[in-house]
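Single-structure report; data block below.
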Amino acid sequence: MNILPQYSLLEFNTLAVTAVAEYFAQVSSDQDIVECLEFSKKNKLAVKVLGGGSNVVMSKFIPGLVVQFCAQDCNVIKETEQSVVVRVEAGFNWHDFVLYCLSQNWYGIENLAYIPGHVGAAPVQNIGAYGVEVKDCIQAVNGVYLESGQDFTLLAHECDFAYRESCFKQALDGKVLITSVEFLLSKTPDVQVSYAPLNQMSAEKGLPTPGELAQWVVDVRQAKLPDPKVLPNAGSFFKNPVVSIVEFNKLIERFPSMPNYPQKNGVKLPAGWLIDQLGYKGKAFGPVSVHKLQALVLINQGGAGKDVISAANQICKAVQERYGLVLEQEPRIFN
Ligand code: FAD
Ligand code: NAP
C-alpha cells in the first residue's frame, strides 16, 4: 500500500469535480488500515473514507488522508434451504454484487441493480430504488472505528436505517470505515414490481423472474438516467420530502396534479416533480445544469466546482418560495 501525497480525485468522483486529496491511499487489508491510522495520528491528519465517489460533492482541496477500501472478497457464512447469509467486503462493486447474487439464485436486491458505487457505501444512505431498500437484506455491518482502530459489528436494527438514512450519516458520520456487509438473501424469488415502469412492463410481459426484473431496472435506468461517464452527476441531488397530512392537504389544494405517495409517517412528494414544475429541466446554472429527463439530477457540464452547491442552493430557494418546502441534499459534502 502506498500513501500518496497531493493526489487527484478527478477520476474518483462521478460528478467529475477537480479535487485533490492531501493524501490518498487504497487499502485492502487490516494491516493497511493500521498503517493508515498510524500515519494519520503521527501527522495529525483527519481520515476520510471514500467508496466509488458516486454520492459525494468534493471540494477543490481535501485536507487529510482519503482512504478507499478496495478488498472484494465474498463468502457464504450461513446457508439453509431457504436463505443464505453472505459477507461481502466493502470494495465490491454494488451492481456486480447484484449480478453475482442472481447468478447464485439469491434474491432480494434485484430492484437495486445498476446503482453505482461500492457495497461498503450501500448501508451509509440505505440505498433504495423501485420500492426496495437495502436495509431489508442487511443482517450486519462490520468495520473499524477510525479514532481507536477498534473493530465493530452493528446488527441491522442497530444501524438506525430510515429513508436514505442510517447511523453512518448521523452519529457515526466520519467516524468509521465499513469493511464488510453481511446480507441475508432468500432462495425464493419475490419480485417487487409496484413502481409504475416495472408494473407496466409486467402487465405487458407477465411477472418477471428476478433476473429479468434486474434487466428491466437496468433498461429503465439507462433510458432515463444520465451515464456519469458521459454526463458527470451524483444521482438524485435531493431527497424526496415527506410532509405531514395537514401540510399535504394544503399543498394538494394549491397543486392538484402533484404526485404523492402515502407513507407511515406522512406523504412523500417527488422532489423531481417540484423542480420540474418550476421549468428547471435542462436549465443551466453556470457550468451546472438540471438533467433534461430527470430534474433531480444535476450535471457538471465541465469545470464545475463550488457551482454545484450554488446551483443546488438556487433550486432549493426556488422550491421553498413556490411550495414552502425545504429540500434536503442527498450527496455528501466531501471536504
Ligand atoms: P461514495 O460516494 O464514495 O460515498 C458516499 C458516502 O459514504 C460518503 O460519505 C463516504 O464517506 C461514505 N462511505 C463510502 N464508503 C464507505 C465505507 N466503506 N465506510 C464508511 N463510509 C463510507 N442511490 C440510491 O440510494 N438509489 C439509487 O437508485 C441511486 N442511483 C444513482 C444513480 C446515479 C447515476 C448516481 C451517480 C448515483 C446514484 N445513487 C443512488 C447514489 C449512490 O450511487 C449511492 O449512494 C451509493 O451507495 C454510493 O456509493 P459509493 O461507493 O459511490 O459511495
Ligand atoms: P420516478 O419513477 O420518476 O419517480 C419519482 C419519485 O416518485 C421517485 O423518487 C420515487 O420515490 C417516487 N415514486 C414513484 N413511484 C412510487 C411508488 N409506487 N411508491 C412510492 N414512491 C414512488 O423516479 P426515478 O427518478 O426514475 O427513479 C426510479 C427509482 O430509482 C427511484 O426509486 C429512485 O429513488 C431511484 N433512484 C435514486 C437515485 C439516487 O441518487 N438516490 C438516482 C436515480 C434513481 P423514491 O425515490 O423514494 O423511490
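Nothing in this text is a laboratory measurement; each read-out follows from the coordinates by a stated rule. Everything numeric here is computed off the predicted structure, so don't read it as measured data. Please note: Cβ atoms are built from the backbone with ideal geometry, for glycine as well, and neighbour counts cover all protein chains shown.
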Within the range 243-335, which helices (runs of 4 or more DSSP H) (wholly inside it) include 1 or more residues that are within 16 Å of ligand 2 (Cβ to nearest atom) and in contact with a Leu (Cβ under 6 Å, 6 or more places away or on another chain)?
271-276, 307-323
So, in the range 40-50, exactly how many residues are in a helix (DSSP H, G or I) and either in contact with a Lys or Arg (Cβ under 8 Å, 6 or more places away or on another chain) or exposed (fewer than 15 other Cβ atoms within 10 Å of the Cβ) (or both)?
2
Here is a list: Ser310, Ser289. Which entry is within 16 Å of ligand 1 (Cβ to nearest atom) and out of contact with any Gly (no Cβ under 6 Å at 6 or more places or on another chain)?
Ser289
With the requirement that a residue be under 18 Å from the mean Cα position of the chain (by Cα) and either within 9 Å of ligand 1 (Cβ to nearest atom) or assigned to a loop (DSSP other than H, G, I, E, B) (or both), what does the range 218-232 give you?
Arg221, Leu225, Pro226, Asp227, Pro228, Lys229, Leu231, Pro232
What are the residues in the range 76-106 that are touching a strand residue (DSSP E or B) at 6+ places or on another chain (Cβ under 6 Å) and assigned to a strand (DSSP E or B), if any?
Val76, Ile77, Lys78, Ser83, Val84, Val85, Val86, Arg87, Val88, Glu89
Kindly evaluate Pro256 against the criterion of being buried (at least 20 other Cβ atoms within 10 Å of the Cβ) and either farther than 20 Å from Cys316 by Cβ or in contact (Cβ under 8 Å) with a residue 24 or more places away in the chain (or both).
no
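Quick one: in the range 201-214, of everything that is away from ligand 1 (no atom under 16 Å from the Cβ) and part of a helix (DSSP H, G or I), which residue is surrounded by the fewest Cβ atoms within 10 Å (Cβ to Cβ)? Spell out how you get there, then give the answer.
Let us first name the residues in the range 201-214 that are away from ligand 1 (no atom under 16 Å from the Cβ), namely 201-212.
After this cut, where a residue has to be part of a helix (DSSP H, G or I) as well, the list is 201-205, 210-212.
On the way: Met201: 18, Ser202: 16, Ala203: 10, Glu204: 7, Lys205: 10, Pro210: 24, Gly211: 16, Glu212: 17.
Among those residues, the one meeting the criterion is Glu204.
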Please find, within the range 130-189, the residue that is surrounded by the most Cβ atoms within 10 Å (Cβ to Cβ) out of those that are among the polar types (S, T, N, Q) and over 22 Å from Ser29 (Cα atoms).
Ser166
Of all residues in the range 10-39 being in a helix (DSSP H, G or I), in contact (Cβ under 8 Å) with a residue 40 or more places away in the chain and farther than 23 Å from Ala122 by Cα, the one that is nearest to ligand 2 (Cβ to nearest atom):
Leu37
State whether the residues of the range 109-128 include one that is away from ligand 1 (no atom under 12 Å from the Cβ) and crowded, with 23+ Cβ neighbours inside 10 Å.
yes
Among the residues of the range 63-75, which ones are closer than 20 Å to Gln125 by Cβ and either of a type in the set (A, V, I, L, M) or assigned to a loop (DSSP other than H, G, I, E, B) (or both)?
Val66, Val67
For the range 153-191, give me each residue that is over 20 Å from the mean Cα position of the chain (by Cα) and assigned to a loop (DSSP other than H, G, I, E, B).
Lys187, Thr188, Pro189, Asp190, Val191
May I ask you to verify whether Val88 is β-branched (Val, Ile, Thr), under 20 Å from the mean Cα position of the chain (by Cα) and either surrounded by fewer than 23 Cβ atoms within 10 Å (Cβ to Cβ) or within 16 Å of ligand 2 (Cβ to nearest atom) (or both)?
no
Among the numbered criteria (1) surrounded by fewer than 21 Cβ atoms within 10 Å (Cβ to Cβ); (2) more than 15 Å from Val20 (Cβ to Cβ), which one does Val67 miss?
(1)
How do the pairs read when you match residues in the range 183-200 that are farther than 11 Å from Asn111 by Cα with residues anywhere that are part of a helix (DSSP H, G or I), using Cβ under 7 Å and keeping only pairs 6 or more apart or on different chains?
Phe183/Cys137; Leu184/Cys137; Leu185/Cys101; Leu185/Cys137; Pro189/Pro210; Pro197/Val220
So which residues in the range 119-133 are among the aliphatic types (A, V, I, L, M), within 15 Å of Lys239 (Cα to Cα) and over 8 Å from the mean Cα position of the chain (by Cα), if there are any at all?
Ala129
Would you check which residues across the range 201-231 are more than 24 Å from Val297 (Cα to Cα), in contact (Cβ under 8 Å) with a residue 40 or more places away in the chain and in contact with a Phe, Trp or Tyr (Cβ under 8 Å, 6 or more places away or on another chain) and list them?
Pro210
